[in-house]
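Before any comments, here is the structure.
The values are calculated or read from the model by the stated rules, or taken from the named source; none is laboratory data. Worth saying up front: this structure is predicted, and the values here are computed from it rather than measured. Because the Cβ atoms are built from the backbone with ideal geometry, glycine has one as well, and the counts that use them run over all protein chains shown.
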Amino acid sequence: MPRALLSVYDKTGIVPFARSLAALGWDLVSSGGTAAALTAGGVPCTDVAELTGIPAILGHRVVTLHPAIHGAILADRSDPSHLAELDALGLEPISLVVVNLYPFTSDPSVELIDVGGPAMVRAAAKNHAHVAVVVDPADFPVVLAELTSDGAVSATTRLRLARKAFAVTADYDAAVVGWLDQRAGEGTLPPTIQVSATRAAVLRYGENPHQAGARYRLTGRHGWWDDAVQHGGKELSYLNVYDTEAAWQLAHRLSTTAGAPAAVVVKHANPCGAAVGVDLAAAYRRAHEADPVSAFGGIVALTERVGREVAEALAPVFTEVVVAPGYDDDALAVLATRKNLRILSAPAPSPAVLDVRSIDGGLLVQEADRVPVDRSAWRVAGSVVPSDGEWRDLELAWQVVAAVSSNAIVLLRDGQAVGIGAGQQNRLDSARIAATKADGRAAGGVCASDAFFPFRDGLDAVAAAGVRAVIEPGGSVRDDEVVAAADEHGIAIVFTGERHFRH
């Protein structure tokens, strides 16, 4: 008679599964709450203590850690010496192990660190040539189907289940290590990083159509993507997700800074339009007007529920993705006429903790950038003091420039980015590009530079565009020269003391 060991914290479906096993002639071994659940359900089982000769001890910390259990799981059925040893010890092999673990992440504590469960899971997964291990109730049906039709779990399924089991124990250990790091005060860059993630979505393709792509969810984490709903359009690609993340994060930072509705248009990970407005329709129109050529095929993020007016303004523009907190029915009807437009509704994003990139043989890791807006920590470096309106625009421009690839220059006026220079190898070229895109609209506005102006030529270029105030980190050996140039042009210049490169 084949033997199965059942020991689960999550008892979803365990009684009917066990009842089906018993009907197929399986001998069931269990303990604790699982044994109680089976008995209450009228399913006969043998208590683990009958096999080990020892009851649960140390407040249930030790139950299954015994050779009678692990020998029965780990025995190689193709090795005659193993079988002879089992026979000499009076042990019956265990061919099916059904175990799930204490929910450590629900309330991290020492007592929720499972020991016996992972040990059985790993033992069964190691011996998957002979043992099937089930860690997820979702796998009950396939196991029962194969046992019913073939009398055994197939080698293919055992391999898949073993892989899943080791992934579960890896995730579990990663969660425990993360908790211990927090207790030890290791900060955001601990001595080791256990990267554990589950594939949450297969993407249409990667950065290019010949590349595969997927979105993964970090174990124990929950992001806005997990709650996002797609109302229409094609499947998302890698760049759709990447750019939408950038747009959604920036839109919310702008809205929070201004206390007003915000709209952002992103193209190739850079904002090409960003604005706040008295209402969402005004914010979107102003964001699109910043650079309508670049907005073609872009990503649009809107911080308030979308009504028909906004939908009608957006629909004629070729857009890859639009994301907003929600949509009125008539707005959805308008947007749905664009069959390729991916329409997402989503909750607000949370700030990232780490920024991780691949390098040869490893990872490059840093704390995620934060972009504080704190006038009390900033310093007016020249003789001109910004007006109240200029201060508000400087705050917004500082948020936008931190989201632009370096070297970055942003020209902004009255809550609307009017010129963005991104990703140039020198700051002067970025300033010239921003001024060209502004095309006269920066007059009376402000400029943000993500790092200091190394020479006065960059400041001269934005002064020629008509800005009345500049915000930059300061820290150049030529700061005095740049400040003197600002005074010469009658421009206010504010030093933040903190740069915001983005590569």
All strands (runs of 3 or more DSSP E) inside segment 200-303 with 1 or more residues being among the polar types (S, T, N, Q): 229-232, 270-276
Identify all residues within segment 87-117 that are surrounded by fewer than 19 Cβ atoms within 10 Å (Cβ to Cβ) and part of a helix (DSSP H, G or I); write none if there are none. ASP87, ALA88, LEU89, THR105, SER106, VAL110, GLU111, LEU112
Which of the residues spanning segment 146-187 are among the polar types (S, T, N, Q) and either more than 14 Å from ASP136 (Cα to Cα) or in contact with a Cys (Cβ under 8 Å, 6 or more places away or on another chain) (or both)? THR148, SER149, SER154, THR156, GLN182
Going through segment 88-130 one residue at a time, which ones are touching a Ser or Thr at 6+ places or on another chain (Cβ under 6 Å) and of a type in the set (Val, Ile, Thr)? VAL99, VAL121
When you go through ALA463, ALA443, ALA434 one by one, which is the residue that is crowded, with 24+ Cβ neighbours inside 10 Å and not assigned by TED's automatic domain parsing to the domain that holds TYR284? ALA434
For GLU207, which of the numbered conditions (1) surrounded by 13 or more Cβ atoms within 10 Å (Cβ to Cβ); (2) farther than 21 Å from TYR102 by Cβ; (3) under 23 Å from the mean Cα position of the chain (by Cα) fails to hold? (1)
Taking segment 286-310 and the residues there that are touching a helix residue (DSSP H, G or I) at 6+ places or on another chain (Cβ under 9 Å) and of a type in the set (Gly, Ala, Ser), the one that is surrounded by the most Cβ atoms within 10 Å (Cβ to Cβ) would be ALA301
For the condition more than 15 Å from GLN230 (Cα to Cα) and over 29 Å from the mean Cα position of the chain (by Cα), what is the one hit in VAL400, VAL404, VAL385, VAL371? VAL385
Qualifying positions in segment 318-351 - in contact (Cβ under 8 Å) with a residue 60 or more places away in the chain and surrounded by fewer than 15 Cβ atoms within 10 Å (Cβ to Cβ): LYS339, ASN340, PRO347, ALA348, SER350, PRO351
